Amino acid sequence: MAADRSKHYRIGSYILVGFAVLLFVAVLFADPRRMESPTLMLSASSFIAGVFLFALDGDASIDARLASRLSLQGISALGGIIRDLGGSGAAVFLPPDGDGGKVMQFIPTQPAFRSVLGDGGGFACHDGSTGTLSRPLAAPILEDLKSSDALVLPSEFGPLMGAVREVCEDLLSVADRVTVKRESDTVLVSLHNYLLYPGCASLRETSPEFCMLSPCSICSLIACMIAEGLACEVSLAGVTLDDAAGSRRMEIRYALKECAGAGEP
């Protein structure tokens with residue numbers, strides 16, 4: 001099972017990185033002046049997701065520190081592209097629109113930037129705001145977990161958080177222990193002894209705003225699971241890192257809106 005998962009991750013990483021390169025070349029040849037476009041943002045997202053899958057492929061030669069660095073490669077570049085497009089505020093993860101739908105990520109854009117690319121430039125409207133709409137960074141990972149590990153996302157909060165724990169502790173092995181606390185429309189997810197802690201700490205030192213604007217693969221994955229399982233909008237409200245006594249704990253605060261799921265963990 002582990003060998004099969006490793007093979008799937010490696011193949012998936014190659015496909016995503018190749019797709020990213022093709023998108024970049026397409027934008028470059030179509031109009032080099034439009035390098036700051038949603039298509040380029042999708043290219044960067046695919047590249048980062050591919051590198052993340054490579055870091056999680058189970059190869060013993062990739063140590064935890066290197067894996068943490070690989071998992072965050074490109075986040076600053078992607079965040080910069082989003083910011084240059086006028087991205088402002090926290091990304092919003094939208095639940096699937098009907099059967100067969102997929103979780104989508106909406107990033108609000110400052111009104112002044114709407115005219116940068118004009119009509120057909122890849123902008124969308126949501127809840128009275130204009131912004132970019134794309135697949136979340138963790139979309140390929142979530143799809144792989146569903147197909148390869150038969151992951152099911154319950155519609156009740158308690159069982160859904162059990163699925164989050166299973167993914168983080170067992171399937172991806174990025175944390176030794178996961179604890180969850182719900183306070184009204186806020187969910188606190190704590191990853192104890194977080195494998196990718198060094199990369200997150202480095203990113204927050206250089207570009208702390210990108211945690212909200214361009215969530216990394218793990219923060220994005222948990223947001224996608226909550227959005228799809230509870231059929232509600234989800235956004236990051238804060239990320240706290242704690243390395244007291246070598247605990248390497250990351251706490252992610254998620255804000256829920258129009259949530260259908262109920263129940264306590």
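The values are calculated or read from the model by the stated rules, or taken from the named source; none is laboratory data. Treat the numbers as computed from the prediction; the structure is a model and nothing was measured. Every residue, glycine as well, gets a Cβ built from its backbone with ideal geometry; the counts of neighbours run over all protein chains shown. Surface areas here come from the heavy atoms of the whole protein model, side chains and all, with no ligands, DNA or RNA. Shrake-Rupley method; radii C 1.70, N 1.55, O 1.52, S 1.80 Å.
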Item to complete: Please give the number of the condition Cys125 fails out of (1) over 20 Å from Gly101 (Cα atoms); (2) part of a strand (DSSP E or B).
Response: (1)
Worksheet item: Out of curiosity, is Thr206 polar (S, T, N, Q), at pLDDT 95 or above and over 26 Å from Gly98 (Cα atoms)?
Response: no
Worksheet item: Leu171 is checked against (1) within 26 Å of Asp84 (Cβ to Cβ); (2) open to solvent by less than 30 Å² (accessible area, probe 1.4 Å); (3) of a type outside the set (S, T, N, Q) and fails just one. What number does that condition carry?
Response: (1)
Worksheet item: Which ones in the stretch 86-111 are touching a Phe, Trp or Tyr at 6+ places or on another chain (Cβ under 6 Å) and over 21 Å from Ala231 (Cβ atoms)?
Response: Gly86
Worksheet entry | Tally, over the stretch 236-265, of residues that are under 12 Å from Val189 (Cα atoms) and either over 18 Å from the mean Cα position of the chain (by Cα) or modelled with pLDDT under 80 (or both) | 2
Worksheet item: Gly87: at pLDDT below 80 and under 19 Å from the mean Cα position of the chain (by Cα), yes or no?
Response: yes
Worksheet item: For Asp242, which of the numbered conditions (1) of a type in the set (D, E, K, R); (2) farther than 30 Å from Leu133 by Cβ; (3) in contact with a helix residue (DSSP H, G or I) (Cβ under 9 Å, 6 or more places away or on another chain) fails to hold?
Response: (3)
Worksheet item: Any idea which of Ala223, Ala227, Ala231, Ala244 is free of Cβ contacts under 8 Å to residues at least 24 places away in the same chain and hydrophobic (A, V, I, L, M, F, W, C)?
Response: Ala244
